[in-house]
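Written below as structure tokens is the structure these notes are about.
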Amino acid sequence: MDRLINYRDKINEIDLKIVELLEQRCELSTLIGNYKRERNLPVQDIKREQVIMQNVKDNIKNPKHKEALEKIFAVIINVSKMFQY
Ligand SMILES: C=C(O[C@@H]1C=C(C(=O)O)C=C[C@H]1O)C(=O)O
């Protein structure tokens, strides 16, 4: 039980960091959306998305996490684009 509480405490700490970082990412996506709107640029940039996904893959240390992290980042990018419409 001690171990479970300890693991969950660690997850709580990580979740707080994730929320903080995701909020920063959402804010930046909003700023990028404003920039694009001012210049009539499209929201979606497939090439940039491919670079991001490649960066993610290149930084995964444990191959068994690859599929999950790719799915998570696909969702992050898709939701991020909602801030630009
Ligand atoms: C944030 C941008 O806009 C869109 C969202 C992206 C993202 O959330 O990573 C990446 C590319 C674009 O499709 C961008 O162009 O950099």
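The values are calculated or read from the model by the stated rules, or taken from the named source; none is laboratory data. Since the model is a prediction, treat every value here as computed from it, not as a measurement. All Cβ positions, glycine included, derive from the backbone under ideal geometry; neighbour counts span all protein chains shown.
In the set Ile32, Ile60, Ile72, which member is more than 11 Å from the ligand (Cβ to nearest atom), assigned to a helix (DSSP H, G or I), surrounded by 10 or more Cβ atoms within 10 Å (Cβ to Cβ) and of a type in the set (Val, Ile, Thr)?
So the residue among Ile32, Ile60, Ile72 that is more than 11 Å from the ligand (Cβ to nearest atom), assigned to a helix (DSSP H, G or I), surrounded by 10 or more Cβ atoms within 10 Å (Cβ to Cβ) and of a type in the set (Val, Ile, Thr) is Ile72.
Assess whether Asn59 counts as being at negative phi, more than 13 Å from the chain's Cα centre (by Cα) and polar (S, T, N, Q).
When the stated conditions are applied, Asn59 passes them.
Looking only at the range 35-54, count every residue that is in a helix (DSSP H, G or I) and either under 17 Å from Asn78 (Cα atoms) or near the ligand (Cβ under 8 Å from one of its atoms) (or both) and tell me the total.
Qualifying residue count for the region: 10.
Just for the range 40-57: of the residues that are of a type in the set (D, E, K, R) and over 16 Å from Ser29 (Cβ atoms), which one is surrounded by the most Cβ atoms within 10 Å (Cβ to Cβ)?
Lys57
Which condition does Tyr7 not pass, out of (1) outside any helix (DSSP H, G or I); (2) at pLDDT 95 or above; (3) not acidic (Asp, Glu), if it passes all the others?
Only one criterion in (1) outside any helix (DSSP H, G or I); (2) at pLDDT 95 or above; (3) not acidic (Asp, Glu) is unmet by Tyr7, namely (1).
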